[in-house]
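Before any comments, here is the structure.
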């Protein structure tokens, strides 16, 4: 299980740090922040949170088996 709370996504595009990638790679369950819609993220991009789309991208990129969303 991997838990990424308050995982700030980049302001443009999607990218993940090496450490976060290693933590999540192949995990059975990724628990990831998904507080904002894309429109909300544009206004609050420095508040330390992410969108559903970014959380899904992280799960797919790291081959996580399941994704749980929260905030």
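The values are calculated or read from the model by the stated rules, or taken from the named source; none is laboratory data. Just so it is clear, the structure is predicted and the values come from calculations on it, not from any experiment. Cβ atoms come from the backbone with ideal geometry, glycine included; neighbour counts cover every protein chain shown.
Tally time: how many residues in segment 29-41 are outside any strand (DSSP E or B) and in contact with a strand residue (DSSP E or B) (Cβ under 9 Å, 6 or more places away or on another chain)? Let's see the steps before the verdict.
Filtering segment 29-41 for residues outside any strand (DSSP E or B) gives 29, 34-35, 37-41.
Filter once more, so that each one left must be in contact with a strand residue (DSSP E or B) (Cβ under 9 Å, 6 or more places away or on another chain): 29, 34-35, 37-38, 40-41.
Final tally of qualifying residues: 7.
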Please specify each residue of segment 48-71 satisfying the condition of being outside any strand (DSSP E or B), in contact (Cβ under 8 Å) with a residue 12 or more places away in the chain and surrounded by fewer than 13 Cβ atoms within 10 Å (Cβ to Cβ).
-> 63, 65, 66, 71
Does residue 19 satisfy the criteria of being closer than 12 Å to residue 57 by Cβ and either modelled with pLDDT under 90 or in a helix (DSSP H, G or I) (or both)?
-> no
Got at least one residue in segment 2-10 being on the phi < 0 side of the Ramachandran plot, at pLDDT below 95, in contact with a strand residue (DSSP E or B) (Cβ under 9 Å, 6 or more places away or on another chain) and not in a loop (DSSP other than H, G, I, E, B)?
-> yes
